[in-house]
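K.L.:
First the structure, which I've put down as structure tokens, then a few questions once you've had a look.
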Amino acid sequence: GKPYAIFFRFTHCPDICPTTLLEMSNHLKTLGDKAKNLNVVFVTIDPERDTPELLKRYLSAFDERIIGLTGSGKDVSKVAKSYRVFYEKVPSKDGDDYTMNHTASVYLMGKNGNLVSTLSFQEPEESRQKKLENLLSR
């Protein structure tokens, strides 16, 4: 029954993922009391490494209201497809590790579950904040 912001990331990400989490933490703080009317959801695209324990520990560095979700690879794929999220595993040059390529947008969903807008990775902070406020005023 609440509008929500949902994004698909992974804990081993060096830049976009922690940046998005920091920005969303800052937006929640700026929203003040209105933030209680917004759910913010981080869905891992790397369930192989992102166990519930790791996800909980990783998210503890950000706003405690951000919900972290993981599941089986099949479940994550199904949810990602429903949002038309692109992601893929990219092996490192030595083949011993990997990273993930992924969609960098945050989806802003109305309380009825319909897409209202998106936040882009390099969109100005003021624009992102205004979109969140508009989402809450619907």
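Nothing in this text is a laboratory measurement; each read-out follows from the coordinates by a stated rule. The structure presented is a predicted model; accordingly, all values stated were derived computationally and were not measured. When we count neighbours, we look across all protein chains shown, and the Cβ atoms used for this are built from the backbone with ideal geometry, even at glycine.
K.L.:
Those residues that are in contact (Cβ under 8 Å) with a residue 60 or more places away in the chain and among the polar types (S, T, N, Q), I need them from the range 84-138; list them, please. Don't jump to the end; show me each part of the working.
P.N.:
First, the residues of the range 84-138 that are in contact (Cβ under 8 Å) with a residue 60 or more places away in the chain: 85, 87, 99-100, 102-111, 116, 119, 121, 125, 128-129, 132-133, 135-136, 138.
Across the range 84-138, the qualifying residues are Thr99, Thr103, Ser105, Gln129.
K.L.:
Considering each of Phe62, Phe86 in turn, give the residue that is of a type outside the set (Lys, Arg) and more than 13 Å from the chain's Cα centre (by Cα).
P.N.:
Phe86
K.L.:
Still on this structure: If you go through the range 17-25 one residue at a time, do you hit one that is touching a helix residue (DSSP H, G or I) at 6+ places or on another chain (Cβ under 8 Å) and at negative phi? Don't jump to the end; show me each part of the working.
P.N.:
Keep residues of the range 17-25 that are touching a helix residue (DSSP H, G or I) at 6+ places or on another chain (Cβ under 8 Å), which gives 21, 23.
So of that shortlist, the ones also at negative phi come out as 21, 23.
Yes, the range 17-25 contains at least one residue that is touching a helix residue (DSSP H, G or I) at 6+ places or on another chain (Cβ under 8 Å) and at negative phi.
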